[in-house]
Amino acid sequence: NEIMVIRAKQIDDWLEEFLKENQRAVILNLGCGLDTRAFRINPPSDVIWYDVDYPDVIELRKLFFSSRAGYHMLSSDVKDLRWLECIPSDQPVMIIAEGLLEYFSEDEVKMLLHRLTSYFPYGQIAFDVMNSFAVKSGKDRLKESTGAVHKWVVEDIQEVDQLDSKLHRIESLSVFDSTYMEKLPLSVRFPYSILRRIPRFKNMMRILLYKFESGVIRL
């Protein structure tokens, strides 16, 4: 799906910008699935990267990817935050939750964000949100294909801003406003250019980037 490709590329760009300023950092890729981000970004050796997902997903992932210096795969439900205690907390962090948080309830999202922003001294977090139009449009297809259910619906981005006082939004971007939309073939791009004039369609998926600073450093 071209929308997912645009989302991934946009988050890759934000991550690369973060790494330019923080060459010694921790990267958390939550709900990683079979994502290749750690290998296509190929971060500097001082970066410690953690891909986190359910144990059965990580076992499958190990058939395709091997651990290497600075790269780790953690087997855990992301919501079971005991895994976080394995992560060094004395470095800046970039947290990625791509295609993940819409499966959490709002309370679960709030709890996760608060735990992350309290654990690390400072960093950034990138994730996507969906509006009710997107959730309703894909509800039957999602349930039939995976059995999963979208739980968190976001109409107003300011509602996200209020989930954690330590979070400060850097960017909110509709996937249809990404510069990478212009790189799609005209036959794909043209219908989107028409539909994006409809607000509920344009805002069906937005990618958010936040920064935070807890002021707490654990050595």
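The values are calculated or read from the model by the stated rules, or taken from the named source; none is laboratory data. These figures come from a predicted structure and were not determined experimentally. Cβ atoms come from the backbone with ideal geometry, glycine included; neighbour counts cover every protein chain shown. To get the accessible areas, we keep the full protein, side chains included, count just its heavy atoms, and leave off ligands, DNA and RNA. Shrake-Rupley method; radii C 1.70, N 1.55, O 1.52, S 1.80 Å.
Given the conditions (1) over 17 Å from residue 208 (Cα atoms); (2) of a type in the set (A, V, I, L, M); (3) in contact with a Lys or Arg (Cβ under 8 Å, 6 or more places away or on another chain), report the number of the one that residue 69 does not fulfil.
(3)
For the subset of the range 196-219 comprising residues that are open to solvent by 40 Å² or more (accessible area, probe 1.4 Å) and among the β-branched types (Val, Ile, Thr), which member is modelled with the lowest pLDDT?
Across the range 196-219, the extreme among qualifying residues is 217.
Restricting to the range 14-35, name every residue that is surrounded by 15 or more Cβ atoms within 10 Å (Cβ to Cβ) and not in a loop (DSSP other than H, G, I, E, B).
Selection gives 14, 15, 18, 19, 26, 27, 28, 29, 30.
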